[in-house]
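K.L.:
Right, I'll just put the structure down here and ask away after.
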Amino acid sequence: MLRWLGRNALRAYTGLALVYLLLPIFIVALFSFNDPVGKTNYTWVGFTLSHWANLFAIPGLLDSVVVSLRIAFISTLAATTLGTLAALALVRYQFRGRPATSLFIFLPLATPEIILGASLLTLFVAIGQPPFFPLNEFTILIAHITFNISYVIVTVRARLSGFDRRLEEASADLGADGWQTFWRVTFPLILPGIAAASLLAFSLSIDDFVITNFTAGRTTTFPMFVWGSARVGVPPQVNAIGTIFFVVAVSAVAIGSFLQRRRA
Amino acid sequence: MIAFLRRRPGLLPLLLLAPAIAWLVAFYVYPAIQMLQASLWSGTLESGFAFSWANAATYPAALDRYSDQFLRSILYAAVSTVVCLVLAFPLAYTIAYRAGRFRTLLLFIVIAPFFTSFLLRVLAWKTVLGDDGFLLGPLKSIGLLPEEFRVLATPIAVIFGISYNFFPFMVLPIYVSLEKIDRRLVEAAKDLYAGPVRAFQRITLPLALPGVFAGSLLVFIPAMGDFVNAELLGSVQTRLIGNVIQSRFLVNNDYPTAAALSFMLMAGILAAVFMYARVLGTDELESGIG
């Protein structure tokens with residue numbers, strides 16, 4: 001009896017927890033179809049498709065999405081390259097100072113975003129005062145590469161830890177040189193880890209608000225646009241864009257895990 | 001180059017690490033030092049800033065002036081951490097032991113919020129918790145709650161928002177810890193006549209503690225720096241140290257005070273992380289992220 005109760009209580013609780021996790025995602029999507037009275041979009045009025053039909057009717061919205069995508073692409077590329085090299089070094093080689101290096105790489109992840117943003121801001125202020133270093137897309141890019149490097153290293157390293165070194169040895173035994181072994185054996189094996197890391201980096205960059213807030217100056221990324229419009233009322237088009245981002249990200253994850261399962 | 005490396009294979013890992021480490025030194029370590037220096041500045045953005053050790057008085061002044069916000073941040077972060085822990089443990093337990101073939105799906109749902117914009121999620125809770133929203137509206141209309149009852153703009157809303165946003169960081173490390181436990185230990189406990197409650201107390205819970213600690217740290221740290229939840233869901237009475245830092249930096253251009261506050265916050269947090277890493281290592285912490 002007690003066991004039956006325990007099992008079903010746990011099941012009911014899990015159901016509630018899932019609703020709790022998913023409710024805001026549902027609300028974001030739902031309110032992209034709302035037809036609000038006035039500027040604020042907090043109460044449900046009626047269903048309409050007009051915001052989806054006029055996705056970029058809001059001035060500045062399209063520009064902000066383009067800026068965000070550009071920053072996400074470049075920062076992902078840079079952070080994935082730097083991070084993957086470092087992860088390879090940490091997994092494949094034993095050297096003095098490796099534990100200290102691991103801890104150092106972990107520190108940016110353990111630092112609140114507000115501190116990362118604030119310290120980069122003081123750096124840019126100190127570089128050229130007065131007048132101080134101009135904050136723009138370039139400074140945002142530096143900030144995003146910085147926080148993404150650590151995420152990439154940790155993710156790639158986690159995927160690399162089950163790596164079978166004997167495959168590389170076999171390749172060497174069969175007469176391949178170091179370069180051939182890397183491109184024919186090592187790289188294909190670590191590719192899923194790199195893909196996962198770049199997906200993570202991309203979604204972190206495109207969604208980052210706190211660090212961007214400190215390093216953006218007048219540049220408006222999509223999250224900066226949301227923050228700016230939160231005071232006067234977020235237009236439903238913003239919800240629509242958020243929904244598109246969500247669907248694209250989930251599809252990418254689903255396709256990725258499907259491909260990996262087929263290979264395995 | 002390649003021939004040189006062949007002769008000195010010990011250099012290769014350092015060469016692979018160098019770009020990433022150099023980047024982090026330039027844009028993580030150096031800015032932190034710069035921030036320490038900025039906390040000892042005096043002057044304004046227009047006239048330029050001058051450094052002097054005498055400006056160390058900024059620290060006690062800032063601490064005195066913003067002690068309320070500091071204490072409130074610690075309180076809200078602590079309460080949010082406990083809320084997350086209580087909510088996350090049963091969920092992590094279900095995913096680890098009871099989910100069967102739904103395990104991957106459940107894990108995916110745990111991280112699903114990260115695929116929606118952070119700010120839009122916070123604003124969605126503003127919709128749900130609104131004075132006449134989905135939750136309170138019906139309860140008020142049937143008379144269960146008084147008309148003037150509200151959640152928005154109260155500490156509860158802010159703590160709720162913080163807990164929601166960092167909830168996955170608690171679930172994942174606990175799940176990883178639970179998943180690692182050898183279930184034969186629990187069977188052995190039962191063979192030795194321990195009931196399910198006692199087996200849980202003596203075996204499962206102690207072995208899950210590393211995950212609990214890691215999750216607590218991963219929730220507490222970002223919660224200490226929060227200003228978005230406090231700004232969007234709270235009121236003037238719920239301002240956190242993050243709000244002060246943000247407005248001192250970006251609205252008032254009061255760099256010395258803002259830098260001093262940031263530096264004190266960072267020093268406190270890094271001390272906690274170091275102590276944690278010394279005792280337990282970073283494995284569980286990284287599992288919440290990777």
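The values are calculated or read from the model by the stated rules, or taken from the named source; none is laboratory data. This one's a predicted model, so the numbers in the text were calculated from it and none came from an experiment. Don't worry about glycine lacking a Cβ; one is built from the backbone with ideal geometry, like all the others, and counts go over all protein chains shown.
K.L.:
What is the residue count in region A:127-144 for residues that are in contact (Cβ under 8 Å) with a residue 40 or more places away in the chain, more than 7 Å from every other protein chain (Cβ to nearest Cβ) and in a helix (DSSP H, G or I)?
P.N.:
Matching residues across region A:127-144 total 6.
K.L.:
Based on what the data block shows, is residue A:122 facing another protein chain (nearest Cβ under 9 Å), of a type in the set (Ser, Thr, Tyr) and surrounded by 21 or more Cβ atoms within 10 Å (Cβ to Cβ)?
P.N.:
Answer is yes for this residue.
K.L.:
Something else: Taking region B:178-227, which residues are within 14 Å of chain A (Cβ to nearest Cβ), closer than 30 Å to residue B:155 by Cβ and either over 13 Å from the mean Cα position of the chain (by Cα) or outside any helix (DSSP H, G or I) (or both)?
P.N.:
B:225, B:226, B:227
K.L.:
Hey, among the residues in region A:42-57 that are small (Gly, Ala, Ser) and within 15 Å of residue A:31 (Cβ to Cβ), which one's farthest from the other protein chains (Cβ to nearest Cβ)?
P.N.:
That would be A:50.
K.L.:
Any residue at all in region A:46-67 that's in contact with a Pro (Cβ under 7 Å, 6 or more places away or on another chain) and not aliphatic (A, V, I, L, M)?
P.N.:
yes
K.L.:
Take the conditions within 28 Å of residue B:34 (Cα to Cα), out of contact with any Ser or Thr (no Cβ under 6 Å at 6 or more places or on another chain) and more than 9 Å from chain B (Cβ to nearest Cβ) and apply them to residue A:116. Does it pass?
P.N.:
In short, no.
K.L.:
Additional query: Just give me the residues in region B:108-125 being among the β-branched types (Val, Ile, Thr) and at the interface with another protein chain (Cβ under 7 Å from one of its Cβ atoms), in sequence order.
P.N.:
B:109, B:110, B:116 - these are the residues of region B:108-125 that are among the β-branched types (Val, Ile, Thr) and at the interface with another protein chain (Cβ under 7 Å from one of its Cβ atoms).
K.L.:
Can you report the number of residues in region A:74-97 which are more than 7 Å from chain B (Cβ to nearest Cβ) and over 30 Å from residue B:37 (Cα atoms)?
P.N.:
So the answer is 12.
K.L.:
Continuing with the same structure: Taking region B:197-216, which residues are closer than 16 Å to residue A:106 by Cβ and crowded, with 23+ Cβ neighbours inside 10 Å?
P.N.:
B:214, B:215
K.L.:
Which residues, counting only those in region B:1-33, are modelled with pLDDT under 95 and small (Gly, Ala, Ser)?
P.N.:
Hits for region B:1-33 are B:3, B:10, B:18, B:32.
K.L.:
Right, here's the next one. Being over 25 Å from the mean Cα position of the chain (by Cα) and free of Cβ contacts under 8 Å to residues at least 40 places away in the same chain is the requirement here; does residue B:124 meet it?
P.N.:
no
K.L.:
Let me ask you something else. So how many residues does region B:268-290 have that are at pLDDT 70 or above and among the small types (Gly, Ala, Ser)?
P.N.:
So the count comes out to 4.
K.L.:
Here are A:181, A:219, A:186: which of them is within 27 Å of residue A:143 (Cα to Cα), away from chain B (no Cβ under 12 Å) and over 18 Å from the mean Cα position of the chain (by Cα)?
P.N.:
Details: A:181 fails: within 27 Å of residue A:143 (Cα to Cα); A:186 fails: within 27 Å of residue A:143 (Cα to Cα).
Unique residue meeting the criteria: A:219.
K.L.:
Those residues that are more than 11 Å from chain A (Cβ to nearest Cβ), assigned to a helix (DSSP H, G or I) and either closer than 22 Å to residue A:26 by Cβ or among the aromatic types (Phe, Trp, Tyr) (or both), I need them from region B:126-155; list them, please.
P.N.:
Listed by number, the residues that qualify are B:136, B:138, B:139.
K.L.:
Being surrounded by fewer than 20 Cβ atoms within 10 Å (Cβ to Cβ) and either within 24 Å of residue A:234 (Cβ to Cβ) or in contact with a Leu (Cβ under 7 Å, 6 or more places away or on another chain) (or both) is the requirement here; does residue B:127 meet it?
P.N.:
Criteria not met by residue B:127.
K.L.:
Let me ask something else about it. Which residue is nearest to residue B:259 (Cα to Cα), if the candidates are limited to region B:44-57 and must be out of contact with any Leu (no Cβ under 7 Å at 6 or more places or on another chain) and assigned to a helix (DSSP H, G or I)?
P.N.:
Restricting to residues being out of contact with any Leu (no Cβ under 7 Å at 6 or more places or on another chain) and assigned to a helix (DSSP H, G or I), the top hit is B:57.
K.L.:
Which one of these does residue B:100 not meet: (1) surrounded by fewer than 19 Cβ atoms within 10 Å (Cβ to Cβ); (2) on the phi < 0 side of the Ramachandran plot; (3) not acidic (Asp, Glu)?
P.N.:
Unmet for residue B:100, out of (1) surrounded by fewer than 19 Cβ atoms within 10 Å (Cβ to Cβ); (2) on the phi < 0 side of the Ramachandran plot; (3) not acidic (Asp, Glu): (2).
K.L.:
Does region A:12-44 hold any residues that are at pLDDT below 85 and either at positive phi or of a type in the set (Val, Ile, Thr) (or both), and which are they?
P.N.:
Result: A:37, A:38, A:40, A:43.
K.L.:
Can you tell me which of (1) over 21 Å from residue A:114 (Cα atoms); (2) surrounded by fewer than 17 Cβ atoms within 10 Å (Cβ to Cβ); (3) small (Gly, Ala, Ser) is the one residue A:228 doesn't meet?
P.N.:
(1)
K.L.:
State whether the residues of region A:121-143 include one that is closer than 25 Å to residue B:219 by Cβ, out of contact with any Cys (no Cβ under 8 Å at 6 or more places or on another chain) and at pLDDT 95 or above.
P.N.:
yes
K.L.:
Give me the pairs: first residue in region A:101-126 and under 18 Å from residue B:269 (Cβ atoms), second residue at pLDDT below 90 and polar (S, T, N, Q), beta-carbon distance under 6 Å, and six or more apart or on different chains, which are they?
P.N.:
Pairs found: A:106/B:282.
K.L.:
Determine whether region B:51-61 contains at least one residue that is on the phi < 0 side of the Ramachandran plot, β-branched (Val, Ile, Thr), more than 13 Å from every other protein chain (Cβ to nearest Cβ) and surrounded by 15 or more Cβ atoms within 10 Å (Cβ to Cβ).
P.N.:
yes
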